[in-house]
Amino acid sequence: MEPFYSNIPPQDALEIEQLARLMYDLRSARDEVLTRLGAAEAEQALARIRNGDLPEHPAYEHYLSARILADLAAQARADLAARIEESQGR
């Protein structure tokens with residue numbers, strides 16, 4: 001199998017690696033927040049807040065943080081896909 005970065009210019013490979021790392025870090029941070037809430041997904045955390053299993057504050061703020069981190073990770077994933085496509089098209 002051919003290495004992924006072999007046909008990508010070095011500067012592009014560096015940018016792709018940085019985006020991939022950012023995406024990983026965002027997902028990891030989201031997972032840490034959700035773990036503190038005892039939930040696997042943001043929706044589960046919100047349900048625990050609504051049911052009274054978690055105190056509204058600061059749990060709701062943590063829930064919002066998890067949602068923001070998930071949105072940022074999705075944007076990083078889209079940016080990564082676009083950057084890879086752009087690099088392979090050169």
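The values are calculated or read from the model by the stated rules, or taken from the named source; none is laboratory data. As the structure is a prediction and not an experimental result, all values here were calculated from the model. Neighbour counts are summed over all protein chains in view; Cβ atoms, including those assigned to glycine, are modelled from backbone coordinates with ideal geometry. The protein model used for the area step is the full one, side chains on, heavy atoms only, and it has no ligands, DNA or RNA in it. Shrake-Rupley method; radii C 1.70, N 1.55, O 1.52, S 1.80 Å.
I'd like the carbon and sulfur percentage of the solvent accessible area for the chain, probe radius 1.4 Å, heavy atoms only, ligands and nucleic acids excluded. Walk me through the intermediate numbers first.
On the way: 3300 of 6130 Å².
Roughly 54 percent, rounded to a whole number.
In the chain, with Lys and Arg counted as +1 and Asp and Glu as -1 at Cβ, which of these residues, Leu34, Leu80, Met23, has the Cα nearest the positive end of the dipole, that is, farthest along it?
Result: Leu34, furthest along the dipole toward the positive end.
If I take every Cα pair under 8 Å that is 6 or more residues apart in the chain, average their sequence separation and divide by the length, what percent do I get for the relative contact order? Don't skip to the end; give the middle numbers.
Working: 69 pairs, mean separation 37.5, N = 90.
Computed value for the chain: 42 percent relative contact order.
Accessible area per residue, 1.4 Å probe, Å², for the chain: what's the number?
Ligands and nucleic acids excluded, the figure is 68 Å² per residue.
Could you give the length gained by full extension between Asp53 and Arg21, i.e. 0.36 nm per residue of separation minus their alpha carbon distance, to one decimal place? Could the numbers behind the result be given before it?
Working: separation 32, 0.36 × 32 = 11.52 nm, distance 3.40 nm.
My answer for the length gained is 8.1 nm.
With charges only on Cβ, +1 for K and R and -1 for D and E, what is the dipole size of the chain about its Cα centre, in debye, rounded to 20? Spell out each step's value before the answer.
On the way: 10 positive and 16 negative charges, 38 e Å.
In total the dipole reaches around 180 debye.
If each DSSP helix of 4+ residues adds -39,500 (n - 2.57) and the sum is divided by the residues in the chain, what number results at 222 nm, nearest 500 deg cm²/dmol?
Taken over the chain, the calculation gives -27000 deg cm²/dmol.
Would you mind checking the radius of gyration and Dmax of segment 3-43 based on alpha-carbon positions, in Å?
For segment 3-43, the Cα-based Rg and Dmax read 15.2, 43 Å.
Beyond 20 Å, what share of the Cα-Cα pairs of segment 28-90 remains, rounded to the nearest whole percent?
37 percent
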